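What follows is a short report on a single structure.
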Amino acid sequence: MSGGTARRMRPGLAISPAFTVMRDVVCGECGVRFQITHRAPANDGELATRQAVWLADKFVWDHIQENKHRASIELPEIPAADTKDTHE
Ligand SMILES: [Zn+2]
């Protein structure tokens with residue numbers, strides 16, 4: 001089950017009304033901007049906050065491994081009780 005999707009923002013690209021934009025995440029390396037979207041009935045602001053951290057980490061790894069950022073990234077469900085420190 002998906003916890004939502006992050007989409008690279010492009011001018012003129014409309015987000016389907018079935019999705020709600022929860023958060024913007026900007027890659028600290030290249031400045032590309034993504035939007036974290038959740039399917040409308042399942043909007044979860046706290047989950048989006050955890051996913052923003054996860055996504056920023058993923059962007060760093062993409063650059064370390066010289067991968068391009070994908071235009072659309074499936075986001076994991078990240079439980080609130082997950083105390084793993086992903087900042088290291
Ligand atoms: Zn980047």
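The set of residues from the stretch 62-76 being near the ligand (Cβ under 10 Å from one of its atoms) and either assigned to a helix (DSSP H, G or I) or of a type in the set (S, T, N, Q) (or both) comprises 62, 63, 67. Being touching a His at 6+ places or on another chain (Cβ under 6 Å) and in a strand (DSSP E or B) is the filter; apply it to the stretch 1-50 and report the residue that is nearest to the ligand (Cβ to nearest atom). In this case the residue turns out to be 22.
Bear in mind these aren't lab numbers, they're just calculated from the coordinates by the rules spelled out. For clarity, every value in this text was computed on a predicted model and none was experimentally measured. All Cβ positions, glycine included, derive from the backbone under ideal geometry; neighbour counts span all protein chains shown.
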